[in-house]
Each structure stands twice: as structure tokens, then as C-alpha cells.
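Shown next, in C-alpha cells, is the structure this report addresses.
The values are calculated or read from the model by the stated rules, or taken from the named source; none is laboratory data. Not measured: the values here are computed from a predicted model. Note that each Cβ is placed from the backbone with ideal geometry, even for glycine, and that neighbours are counted across all protein chains shown. With ligands, DNA and RNA removed, areas are computed over all heavy atoms of the protein, side chains included. Shrake-Rupley method; radii C 1.70, N 1.55, O 1.52, S 1.80 Å.
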Amino acid sequence: MQEAIIKGIIYGISVFIGIIAGIGVTIGVDFFKERKQNINDKNNLIFEIECDLSKIKTWFDMINELKNYINSDRINQFNGYFDFSSTIFVTANRLFQNGKLYDYLSKDGIKKIQENGTYLSITGENTFSNQIFQHKQAMLNGYQNVKQAAANDVDSREKILRKCKNNFEDILKELKK
């Protein structure tokens, strides 16, 4: 009888240790999966920002081309399109929504990424495209001061793109620390 009690106690202790070991393994696996996901998220965010910076470089080239058309009174011949909505904010938006973006960026960095998301959006794209279209129409209709108005709009957009570029570069520095 005493032997059965001892076997029962040993069995109970074994089950308890097995449960604790299972919990420990589950916690360990979850920890490593979460860590791997964090590394992937950070690398994806860096990749997306680097892609966006390369698009901004292309847009700067297009702005220079547009300025040349404006300066030579041929804005109506410009056929470029500034596809600002093609910027990638997938990872940033997902991380922002689940609160993890705060793990990677300071509040200033988050503010900068949101600011860029505002400028580099379908709204920003449509606004600039409409401005260019209006200047083209004004040039074709023979209106005066089209050149100056178009140059002012392009200069304004160039400043915004420069700010977005600087914001992305600051965010990259913060992510690569």
C-alpha cells in the first residue's frame, strides 16, 4: 500500500514536471518566434524606406525635367507622372496599428513617417497632377504668368519631397542604430 502511494506521488510529480516543461518550451518557442518576427519587421521597414528613397530620387529627376519644360515655355509637352501613391507604407502601417512601431522608432520618427504618408499619398499625387494639368491648360489657352505659377508649384513640391527624403533618411538612421 505504501509502495502504491509512493508510485502515485512520483507519478503526480512527473506529470507536474511535464506540464511545467511543456509550458517552458511553449514560452521559449513563442519568445524566439516573436524575436524573429521583430527582426523581420524591422528589416522589412528598412527595405520599404530604401525603396521609397529610390522613388524620391526618380521624382527629383522628373522635377528637374519638368523645370526644364517650364523654363522653355513647353510645359504642355511634359508627360511625366508623379505616382506618389506607389510609396510603400505596408509594414509601417501594420506596425503602427498593432503598436509595435513604438518599439522601433521614437515619437519624432513616428511623426516623420506619418508626415511622409500624408504627402506621399493618392491625395498628394492627385493634387500635383492636377496642378500640372491646370498649368498645361493655361499655357495652351495663352494665359499670362503661367511660367511663374508653374515654377512656384514645382518648387513647393520639390521642398516637400526634400523634406520627405530627409525624414526617411532620419528614420533609417534610427532603425539602423
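Descriptive notes on the structure:
- Between region 6-40 and region 116-166, the Cα center-to-center distance that results, in Å: 60
- Computed in the context of the full set of protein chains, the accessible area of region 1-42 at 1.4 Å probe radius has 73% of its extent on carbon or sulfur.
- Close amide H partners of Leu120, meaning residues 5 or more places away or on another chain with modelled amide H under 5 Å apart, do not exist here.
- Computed on region 52-125, with alpha-carbon pairs under 8 angstrom and 6+ residues apart, the relative contact order is 35 percent.
- Mean residue ellipticity, 222 nm, helices only, the chain: the sum of -39500 (n - 2.57) across DSSP H runs of n ≥ 4, divided by residue count and rounded to 500, is -28500 deg cm²/dmol.
- Nearest 10 degrees, 0 to 90: helix 122-140 Cα axis against the chain principal axis: 10
- Expressed as a whole percent, the accessible surface of region 79-131 that belongs to carbon and sulfur atoms is 51, based on a 1.4 Å probe.
- Phi angles across region 63-74 convert, under the Karplus curve 6.51 cos²θ - 1.76 cosθ + 1.60 with θ = phi - 60°, into 3J(HN,Hα) values of 5, 4, 4, 4, 4, 4, 5, 5, 5, 9, 6, 10 Hz, Gly and Pro given as x.
- Derived scalar couplings ³J(HN,Hα) [region 86-93; Karplus, 6.51 cos²θ - 1.76 cosθ + 1.60; whole Hz; x for Gly, Pro]: 7, 5, 9, 10, 4, 5, 4, 5
- Chymotrypsin sites (Phe, Trp or Tyr not before Pro) lying in DSSP loop within region 46-103, provided at most 14 other Cβ fall within 10 Å: Tyr81
- Estimated FRET transfer efficiency (Lys176, Asn64; beta-carbon r; R0 45 Å; 0.05): 0.95
- Debye-formula intensities of the chain, expressed as log10 I(q)/I(0) at q = 0.10, 0.13, 0.14 Å⁻¹, are -0.56, -0.75, -0.82 (one equal scatterer per alpha-carbon, no solvent).
- Per residue, in Å², the accessible surface of the chain once ligands and nucleic acids are set aside, probe 1.4 Å: 63
- Applying a DSSP loop filter and a limit of 10 other Cβ atoms within 10 Å to the GluC sites (Glu not before Pro) in region 103-177 leaves nothing.
- For the chain, size of Cβ-based charge dipole, Lys and Arg +1, Asp and Glu -1, in debye: 200
- Difference of contour (0.36 nm per residue) and Cα-Cα distance, Asn141 to Thr26: 34.2 nm
- Across the chain, Cα pairs under 8 Å and at least six residues apart give a relative contact order of 28 percent.
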